[in-house]
Amino acid sequence: MQKKKSKYLWILSAVTVVFVLFIWWLVTDGLGIFTSNTLPSPIKIVQAFIKKLTDPNPDGATLGAHLLSSLKIVLSGYLLGVVIGIPMGIVMAWYEKADLMIRPVFDMIRTVPGIAWVPVMVVFCGIGFTSKAIVIFIGAVVANVINAYSGIKQTKQVHLWVGATFGASNWQLLTKIALPSAFPMIINGLKLSLGGAWTTIVAAELLASNRGIGYMIQQARGILRPDIIIVGMFVIGIVGSLLMLPISLLEKKVMKGGKW
Amino acid sequence: MMGEQKTKAAGARVEVRNLTKKFGDLLVLDDISFNVEKGEFLCIVGPTGCGKTTFLNSLTRLYDLTAGEILVNGEAVDPKKHNISYIFQEYSAMPWLSVEDNIRFGLDIKGVPKQEAQENVEEMLEIVGLEKFRKQYPHQLSASMLQRVSIARAFATKPDLLLMDEPYGQLDIELRFKLEDELIKLWEKLGTTVLFITHNIEEAVYLGQNIMVLTNKPTKVKTVIPDEIPHPRDVTAPEFVKLRNYVTDMIKWW
């Protein structure tokens with residue numbers, strides 16, 4: 001039997017957060033163990049955040065402009081990777097000939113981590129939108145292909161047999177049995193590749209960029225502004241988890257039957 | 001394709017001629033021939049590992065035949081043409097579909113019109129006693145309920161030929177008795193031809209009109225024993241015990 005959860009358990013988590021913030025404040029503003037040039041206090045971080053919302057200094061753009069630039073690249077590359085990667089994985093898993101045709105190229109690409117594509121893309125397309133969107137796209141395609149492919153391949157034989165004995169066509173076997181079977185893995189691919197895309201964009205902007213959250217952090221490091229660095233890190237974390245929300249909602253909506 | 005789905009199954013006549021199946025060099029089914037009449041309830045028993053499942057899978061063309069042919073109502077068997085249902089040994093309810101949608105699955109595949117499909121689903125929900133669980137999903141169900149979903153799904157298409165591969169093998173004895181009685185009721189009501197595989201001799205004698213005994217690998221038909229005890233059958237009645245012992249003797253290969 002499931003134990004009834006107390007309504008007040010969230011207090012435990014809140015206590016931890018408050019405790020960590022307190023320790024952080026204590027070692028900075030409180031006791032002055034760290035100066036604000038190395039570790040700024042939580043209060044200074046909030047101040048830097050508010051200021052950076054409107055102030056383009058010292059890196060040439062407001063926080064919103066940086067974020068928008070990063071998001072545009074991530075979402076373009078990611079969505080294109082999803083739209084191409086999932087069908088590609090399904091086709092490769094279901095039609096052996098497609099698998100044989102695509103696999104040699106795919107196997108060459110899949111082992112190269114996204115970030116390793118940055119230098120060559122910079123040579124091809126410069127440090128703007130295109131090069132980074134392509135890098136994100138490659139990473140997203142790979143993750144989505146692999147997950148959709150494994151999902152289809154893991155379809156239970158007995159489920160396919162149920163369909164076959166009812167006289168299902170190959171198309172019905174795919175759409176009514178293999179695809180729903182693969183759904184949890186496909187969702188998994190969506191999540192993994194989104195996490196990957198968000199990581200890759202920050203890394204790519206640290207390496208080569210003139211706009212974006214990663215670029216903002218990199219600039220702040222150059223002029224010793226740890227407050228802006230930490231603001232950047234928080235924004236990366238919060239936006240990253242917000243991006244996962246729609247996928248989790250989709251997962252909940254479709255997987256009413258629990259995991260399979 | 002199955003637009004004019006009949007509300008009562010016709011019951012298929014099955015002819016198996018020289019059915020042979022090899023996996024590589026391993027001969028599993030050796031030149032099997034027999035007939036099953038329309039509406040017949042045939043139980044198939046045999047020693048463990050004698051290729052019973054291979055036999056059923058060949059019959060539905062899940063496996064390609066090495067030699068021989070299987071005719072349903074005089075035509076080569078084809079699940080796209082003939083109205084066949086198969087209840088598998090393992091749980092086979094689709095985890096992403098509710099009980100109701102699982103039962104509707106075969107009807108959807110066959111393109112049965114919505115209203116007729118819904119009527120069949122309602123009927124089956126009532127017969128297997130899952131009305132209250134229609135919106136539940138497989139992971140919320142017990143073993144017996146899962147097997148009932150499979151049974152309901154199989155019967156919902158009003159099959160002319162129903163194949164069952166040890167469907168109750170994993171259930172405890174009480175549930176088995178209950179579901180066996182449900183099966184007999186459904187069969188009497190619908191007139192489906194049933195091929196029921198089991199290693200449980202008592203179950204075979206309890207259910208079948210005929211009991212086909214298979215040999216060890218390579219599998220052949222050893223004999224077919226008629227079972228004329230009237231329903232409802234009593235497993236403790238002397239004639240039942242006598243027949244059960246007789247079938248047991250026929251299976252022994254030592």
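The Rg/Rh ratio for region B:95-157 is 0.93, where Rg is the radius of gyration of the alpha carbons and Rh is the Kirkwood radius. The distance between label points at A:Ser248 and A:Lys153 comes to 3.0 nm (points 7 Å beyond Cα on the Cα→Cβ vector).
Relative to the compact globular guide of 2.2 N^0.38 Å, what is the alpha carbon radius of gyration of region A:72-216, as a ratio? Each step should come with its number before you reach the end.
Values: Rg = 17.6 Å, N = 145, 2.2 N^0.38 = 14.6 Å.
Region A:72-216 yields a ratio of 1.21.
Heavy-atom accessible surface, probe 1.4 Å, ligands and DNA/RNA ignored: which residues of region A:135-167 lose at least 50 Å² versus the isolated chain? Buried by 50 Å² or more upon assembly, which counts only protein chains, are A:Val158, A:His159, A:Trp161, A:Val162, A:Thr165, A:Phe166, A:Gly167.
Between B:Phe23 and A:Val239, what's the calculated FRET efficiency when r is the beta-carbon distance and R0 is 45 Å? Round to 0.05. Mind dumping the intermediate values first?
Details: r = 56 Å, r/R0 = 1.24.
For B:Phe23 and A:Val239, the calculated efficiency is 0.20.
Remark on region A:7-66: ratio of C-alpha radius of gyration to 2.2 N^0.38 Å is 1.47. From helices alone, chain A scores -24500 deg cm²/dmol at 222 nm; the rule is -39500 (n - 2.57) for each run of n ≥ 4 DSSP H residues, then divide by the residue total.
Under Stokes-Einstein, with the Kirkwood radius over Cα pairs standing in for Rh, what whole-number D in µm²/s applies to the protein assembly as shown at 37 °C and 0.692 mPa s?
Details: Rh = 27.7 Å.
In µm²/s, the coefficient rounds to 118.
Buried on complex formation within region B:94-128 (loss of at least 40 square angstrom of accessible surface versus the isolated chain, 1.4 Å probe, ligands and nucleic acids ignored): B:Met94, B:Pro95, B:Trp96, B:Phe105, B:Ile109. In region B:24-121, the inverse of the mean reciprocal separation of distinct Cα atoms equals 16.2 Å; this is its Kirkwood hydrodynamic radius. Pairs exceeding 29 Å between alpha-carbon atoms, taken from A:Lys52/A:Lys132; A:Lys72/A:Lys252; A:Lys132/A:Lys253: A:Lys132/A:Lys253. In the calculated pair-distance distribution of region B:127-254, the portion above 21 angstrom amounts to 46 percent of the Cα-Cα pairs.
Within region A:225-260, the residues that become at least 30 Å² less accessible when every protein chain is included than when their own chain is isolated (1.4 Å probe; DNA, RNA and ligands ignored) are A:Lys256, A:Gly257, A:Trp260.
In this assembly, the B-A interface accounts for approximately 2200 Å² of buried accessible surface in total, computed with a 1.4 Å probe and without ligands, DNA or RNA. Only helices at least 18 Å long along their own axis, judged from Cα atoms, and with Kyte-Doolittle mean hydropathy of 1.0 or greater: name those in chain A from DSSP H. For chain A, where a helix must reach 18 Å along its axis and average at least 1.0, the hits are A:10-25, A:63-94, A:129-153, A:179-207, A:226-254. Counting only heavy atoms of the protein chains and using a 1.4 Å probe, A:Ser70 has close to 0 Å² of accessible surface.
In the calculated pair distance distribution of chain B, what percentage of Cα-Cα distances lie above 34 Å? Percentage above 34 Å: 15. Considering only A:Val46, A:Val17, A:Val105, the mean-square fluctuation computed in a Gaussian network model of chain A, springs between alpha carbons under 10 angstrom, is largest for A:Val17.
In this simple spin-label approximation, A:Leu79 and A:Ile223 carry label points 7 Å from Cα along the Cα→Cβ vector, and these lie 3.4 nm apart.
Listed by chain and number, the lysines placed with their C-alpha closer than 18 angstrom to that of A:Lys97 are A:Lys153; residues fewer than eight positions away on the same chain are left out.
Determine the order of A:Leu245, B:Leu214, A:Leu71 by accessible area, beginning with the largest, at a probe radius of 1.4 Å. Walk me through the numbers before you get to the answer.
Details: A:Leu245 95, B:Leu214 0, A:Leu71 40 Å².
Result, largest first: A:Leu245, A:Leu71, B:Leu214.
Reported to two decimal places, what Rg/Rh ratio describes chain A when computed on Cα atoms with Rh from the Kirkwood expression?
Rounded to two decimals, Rg over Rh is 1.09.
Atom-type composition of the exposed protein surface of the protein assembly as shown places 62 percent of the accessible area on carbon and sulfur (1.4 angstrom probe).
Remark: the protein assembly as shown carries 49 Å² of accessible area per residue (probe radius 1.4 Å; ligands, DNA and RNA excluded).
For B:Lys110, a cut-off of 12 angstrom between C-alpha atoms picks up these aspartates and glutamates, skipping any fewer than 8 places away in its own chain: B:Glu4.
The values are calculated or read from the model by the stated rules, or taken from the named source; none is laboratory data. What you see is a predicted model, and the numbers here were worked out from it, not measured in a lab. No Cβ is skipped: glycine too gets one built from the backbone with ideal geometry, and neighbour counts run over all protein chains shown. These accessible areas exclude ligands, DNA and RNA; they are computed on the full protein's heavy atoms, side chains included. Shrake-Rupley method; radii C 1.70, N 1.55, O 1.52, S 1.80 Å.
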